[in-house]
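Here is the structure we will look at, set down as C-alpha cells.
The values are calculated or read from the model by the stated rules, or taken from the named source; none is laboratory data. Source: prediction; values computed, not measured. These area figures cover heavy atoms from the full protein model, side chains too; ligands, DNA and RNA do not enter into them. Shrake-Rupley method; radii C 1.70, N 1.55, O 1.52, S 1.80 Å.
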Amino acid sequence: MITILTRAWLLLIALSFATTVFAGVLPEAGPVFVTSVLFLAGLKSRIILSDYLGLRDAPTFKRGFTMILIGFLGLALLLYALPFGM
C-alpha cells in the first residue's frame, strides 16, 4: 500500500525527471519552454503544499496558498515576457 507521502515523493521525482528531459530537449524554445517549466514548478509546489505540509486537510489555506503561487508564477512569466514585448 502506497502512502500519501510516498505517492507525493514519486510524483515529485517524475515531475523533476520531466523537467530535466524537457530542458535537455528544448533549451532554446523560448516562451513555450519557460511557460512549461513554470507550470511544472507550480505542480511540484502544489504537491509539496498539499501532501508534505498537510494543506490537503485545510482547504481554505490550500486555496490561499494556491492563489499566492499562481500570482508568483504569473509575475515570473510576466517579467520574463516584458523584454520581448509580448
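Across the accessible surface of the chain, with the other protein chains kept in place and a 1.4 Å probe, carbon and sulfur atoms take up 77 percent.
With an 8 Å cut-off on Cα pairs and a minimum separation of 6 or more residues, tell me the relative contact order of the chain in percent. Display every interim value, and only then the final one.
Details: 34 pairs, mean separation 26.0, N = 86.
Normalised by residue count, the contact order of the chain is 30 percent.
In whole angstrom, how far apart do the alpha carbon centroids of the stretch 1-23 and the stretch 42-86 sit? Cα centres, the stretch 1-23 to the stretch 42-86: 18 Å. Note that the chain presents 71 Å² accessible area per residue, ligands and nucleic acids not counted, probe 1.4 Å. Would you work out if the chain is rounded, prolate or oblate? Take a ≥ b ≥ c from the square roots of the eigenvalues of the alpha-carbon gyration tensor; rounded if a/c is under 1.5, else prolate when a/b is larger than b/c, oblate otherwise. It is oblate, given that a/c is not under 1.5 and a/b is not larger than b/c.
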